[in-house]
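Heads up: the structure comes next, in structure tokens.
The values are calculated or read from the model by the stated rules, or taken from the named source; none is laboratory data. What you are looking at is a predicted structure, and each value in this text was computed from that prediction instead of being measured. Positions of Cβ are backbone-derived with ideal geometry, glycine not excepted, and every protein chain shown enters the neighbour counts.
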Amino acid sequence: MYDIEYYPSEDNALILDLINEMEGSKKGTDYGNIMLYIEKLSEHGFKMNSKFKRESYKKIDDNLFELRPPKIRIFFTCFNNKFYILQGFYKKTPKLPPNEINKAKRYINDIKKGQIK
């Protein structure tokens, strides 16, 4: 098992915005997919493409990756042998939104600077 941390903290994780958006709606399958992919990341780490599902994650940039459940993208990074779940959003276009990538890179810098433990 690999350690999973949430940015900026467990109680205030940015991914909660997406999860809360699904609560009370008819998006239970999306919620289930998010939790499944995070669980599989914890279980298999970077081997999840071969152990779970092909293309279940993809490298975006230097140390930025995306989990790829249907219709959703969840950015994560790996630092000091921990996976950090940065943020998630519904993917509505074929390309990733540059503003989402830039936000994720800022979050990675926070983690590297030790602002997030």
- Item | Subset of segment 4-34 (residues that are touching a helix residue (DSSP H, G or I) at 6+ places or on another chain (Cβ under 8 Å), acidic (D, E) and not in a helix (DSSP H, G or I)) | E23
- Task: Please enumerate the residues belonging to segment 59-68 that are part of a loop (DSSP other than H, G, I, E, B) and either touching a residue at least 40 places away in the same chain (Cβ under 8 Å) or over 10 Å from the mean Cα position of the chain (by Cα) (or both).
- Result: D62, N63
- Conditions (1) free of Cβ contacts under 8 Å to residues at least 60 places away in the same chain; (2) in contact with a Leu (Cβ under 8 Å, 6 or more places away or on another chain); (3) in a strand (DSSP E or B): number failed by F83: (1)
- Task: Taking R73 as meeting all but one of (1) in contact (Cβ under 8 Å) with a residue 12 or more places away in the chain; (2) of a type in the set (K, R); (3) part of a helix (DSSP H, G or I), write down the number of the exception.
- Result: (3)
- Message: Quick check on segment 35-58. Is at least one of its residues in a strand (DSSP E or B) and free of Cβ contacts under 8 Å to residues at least 40 places away in the same chain?
- Response: yes
- What number of residues within segment 18-37 satisfy the criterion of being of a type in the set (A, V, I, L, M) and modelled with pLDDT of 85 or more? 3
